[in-house]
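First the structure, in the form of structure tokens, and then the observations on it.
Just so you know, all these numbers are worked out from the coordinates, no wet-lab data involved. For clarity, every value in this text was computed on a predicted model and none was experimentally measured. Neighbour counts are summed over all protein chains in view; Cβ atoms, including those assigned to glycine, are modelled from backbone coordinates with ideal geometry.
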Amino acid sequence: MAATTTTPAALRFLPPNPTTRKTFNFFSILKPNFNSLRSFSHSSLFSLSHKYPLSPCKCSFTAPVSTTTYEFSDNASEMELRLNIGSMDVRSTKDISVDANDTSLTIRVLQSGSPITLIDTNPLFDRIKPSETIWYIDDDDLVVNFKKNDPELKWPDIMESWESLAAGSSQLLKGTSIYLVGDSTEINQKVAEELATGLGYTPLSTKELLETYSNQTVDSWLLAEGSDSVAEGEGTVLESISR
């Protein structure tokens, strides 16, 4: 009886073609498309300012949470958060409380003697330098300026959420190889396709690359030279296309 050998499939990430976007029906080696990330800056060309309705916040007070919106912008190492408080009866800066630490931010105001939470986020998208956080009143806006702990990281939003993590996933994976290893080529292929769709990657087939490299099928290569030889060949192929 002939023995059958199943080849594990390994995947990692390669940059997509910057000008064309194609879909391949392969499991694959993938890498984030860093150019697809949106840049954030205060300049007239690249400035991004987002307005978000606040989700229900965790709050230790029984007072209601405000439904105010906020604007968030990211400019290199510094970020700005603006909350409109024009409709509130804020009489002085003593009525405002801004509590920031490296992973969370809470802003409350006193209105008619009762505390109202404007924003309460834990965790933030990433870490900040709380000792360098400043805030001030600008017309009807409460403005809070932060400094990032990692100035190279672009923040899609002030809060960590599925949406912000999805938007920033490519840069969070920068320099990271991701491998999917399993006995089922079909399952690996479907998982890779889902990753490619969700994260905006371009899939390529590891198996096809190996067979092109060796001029033989992976199964025949395994039978002739063993799994160590196939793994070594795979490493050579991956190294060559990662340069």
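Here is how the numbers come out for the structure above:
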{"read-out": "All aspartates and glutamates inside 19 Å of Lys154 as judged from Cα atoms, apart from same-chain residues fewer than 8 positions distant", "value": "Glu71, Asp74, Glu78, Glu80, Asp102, Asp126, Glu132, Glu163"}
{"read-out": "Estimated vicinal HN-Hα couplings, Hz - segment 111-126 in sequence order (Karplus 6.51, -1.76, 1.60; Gly, Pro = x)", "value": "10, 6, x, 10, x, 10, 7, 7, 8, 9, 10, 8, x, 5, 4, 8"}
{"read-out": "Ascending count of other beta-carbon atoms within 10 Å, so fewest first, for Lys154, Lys94, Lys147", "value": "Lys94, Lys147, Lys154"}
{"read-out": "Fewest-first ranking of Ser184, Ser205, Ser161, using other Cβ atoms within 10 Å as the exposure measure", "value": "Ser184, Ser161, Ser205"}
{"read-out": "Sequence-distant residues sharing a close amide H with Ile85 (under 5 Å, placed H)", "value": "Asp141, Leu142"}
